[in-house]
1. Which of the residue pairs A:K59/B:K47; A:K148/B:K47; A:K24/A:K125 have a Cα-Cα distance greater than 30 Å in the structure shown?
2. For the pairs A:K5/A:K186; A:K70/B:K118; A:K98/A:K160; A:K73/B:K118, note any where the Cα-Cα span goes beyond 25 Å.
3. Could you check how much of the accessible area of the protein assembly as shown is carbon and sulfur, as a whole percent, using a 1.4 Å probe?
4. Return the loop-located GluC sites (Glu not before Pro) in the stretch B:83-167 (DSSP other than H, G, I, E, B) with at most 14 other Cβ atoms within 10 Å of their own Cβ; answer none if there are none.
5. Where the centre of each part is set by its Cα atoms, how far does the stretch A:179-210 sit from the stretch B:134-175, in angstrom?
6. Please report, largest first and rounded to whole Å, the three semi-axes of the ellipsoid equivalent to the protein assembly as shown, where each semi-axis is the square root of five times an eigenvalue of the C-alpha gyration tensor.
7. Straight-line reach from A:K46: which aspartates and glutamates have Cα under 15 Å away, leaving out those fewer than 8 places along the same chain?
8. Using a 1.4 Å probe on protein heavy atoms only, how many Å² of accessible area do A and B hide from each other, summed over both chains and rounded to 100?
Amino acid sequence: MDNKKEIIRVDQLNKSFGDLHVLKDIDLTVMESEVVVLIGASGSGKSTLLRCLNFLEMKNGGEIFLDGEKINKSTHDLNDIRQRVGMVFQHFNLFPHKTVLGNVIEAPIHVKGENKANAIKEGKKLLDKVGLEDKYDVYPSTLSGGQKQRVAIARALAMKPEVMLFDEPTSALDPELVGEVLSTMKELAEEGMTMVVVTHEMGFAREVGDWVVYMHDGRIIEYGHPNEIFDQPREERTRSFISSVL
Amino acid sequence: MAAIMHFFDVFINSYDVFLDGLWITFKLSLASLVIAFFIGLFFAVLKISNIRILEWIADAYIWIVRGTPLIVQIFILFYGLTDILLIPMFWAGVAGLAFHSGAYIAEIIRGAIQSIEKGQREAGRSLGMSTSLTMRRIILPQAFRRAVPSLGNQFIIGIKDSSLVSFIGMQDLFGVASTMGSNSFDYLSYFFTVAVYYLFIVLVLTVLVNRIEKRLAVSD
Ligand SMILES: Nc1ncnc2c1ncn2[C@@H]1O[C@H](COP(=O)(O)OP(=O)(O)O)[C@@H](O)[C@H]1O
Ligand SMILES: [Mg+2]
């Protein structure tokens, strides 16, 4: 149909914590500039899947490909791989001992070895982009949740990742702050960033998502365009989940 | 009244010998606590290494320090180091005190490291930072901040414990008080005098630690 590049491919991924089988035979492909939204009940394995994609958790079976290349602990330095896969967490996880700008330039300087002046210039640009041009030098503790999450997005973008993973980026926010984070994410998607987003914001999924993946009990139950999933789900389980969250 | 006047007399007239003692206590405490800090950091990292043998070594060290009186540790290190290795008395005293405080500092630092939220480590790792870089740049700076009150407290204990080196013959504050007391048979006045010196040191340190705590609180 089109000749976009494949960014992430997951092939028969399995993951267990001890006896608990959390991800079961997951197949998933994310093409360049696509936004894939993962939905599903709490405990269905969405976070674990994201965490396997950037190797914060180690898979027990199956394969993960990045840019068509099979990634393995034995053949790759996972620190290099993680630089290419940005992650935004539910609870922001900003570095409290560093200023906003300090958070953003930390990894470019100390991981990529970028020159400091350049990292600062780029970091400020990113902060301007997420609407925090007046917050460079304050500490994260002085920010609202929405501002914190936008710093976290800028921090991840500073590594120029090929794909961004979002794990319920608005779930810890007061309702009135959700919009500012979603609109930052939407802009990012419009610029062509490849994104995998776990969220309960169905409006965002419908509007911004290219694909929606419904997970239940460690399996992908249904996969389709937002309209298909929201308006005519094939599976009964998808239908009941959707009606429970809308 | 006369007794109080007498104490002041002793306090004022003895200042030069006590200042010599104070200087020794100061050098001894500073050297031993700096070394103890690095010993503590080292064993704290062993304890969280998830490598069984390293954890076991750290446990053994902490167990030995906790399980024996400081005075015994000082005597063993003093005779061991000065008789066998011919190390000067001052450094033998430093070694004894550092060996002891190191274990408590290790536990303080380990606790502080483990109190840092798991998300901090994950955020570092997700940016491509290695385990050791994440430890150095993200976890330890936060852990040290959190540990400042406990470390300050341990430093105060360390300074007071340094008085035990007088038993290996050092003329630190307490050594000076003992010598002056036994020379004059006026033990009480000299021990009161030395108590005032210790109180003063601890007061200064307490104020300093509070300052540092306030300074570090800007980011919280
Ligand atoms: N580190 C872990 N150790 C053990 N069990 C875990 C761990 N992380 C997640 N789980 C379990 O895996 C299952 C899926 O969790 P998760 O991926 O967080 O689901 P979701 O993000 O969809 O809510 C849950 O049952 C959870 O308790
Ligand atoms: Mg989750």
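The values are calculated or read from the model by the stated rules, or taken from the named source; none is laboratory data. No experiment lies behind these values; they were computed from the predicted model shown. Glycine also receives a Cβ, built like all others from the backbone with ideal geometry; neighbour counts cover every protein chain displayed. Only protein heavy atoms, including side chains, enter the accessible area calculation; ligands, DNA and RNA are left aside. Shrake-Rupley method; radii C 1.70, N 1.55, O 1.52, S 1.80 Å.
1. As for pairs spanning more than 30 Å Cα to Cα, those are A:K148/B:K47; A:K24/A:K125.
2. Distance filter (> 25 Å) returns A:K70/B:K118.
3. Answer for the protein assembly as shown: carbon and sulfur cover 59 percent of the accessible area.
4. Details: sites: B:E107, B:E117, B:E122; in loops: B:E117.
Listed in order of number, the matching sites are B:E117.
5. Taking the Cα centre of the stretch B:134-175 as reference, the centre of the stretch A:179-210 is 51 Å away.
6. One finds semi-axes of 60, 24, 18 Å for the protein assembly as shown.
7. Within the straight-line limit of under 15 Å, A:K46 reaches these aspartates and glutamates: A:D25, A:D27, A:E57, A:D167, A:E168, A:E201, A:D217, A:E222.
8. 1900
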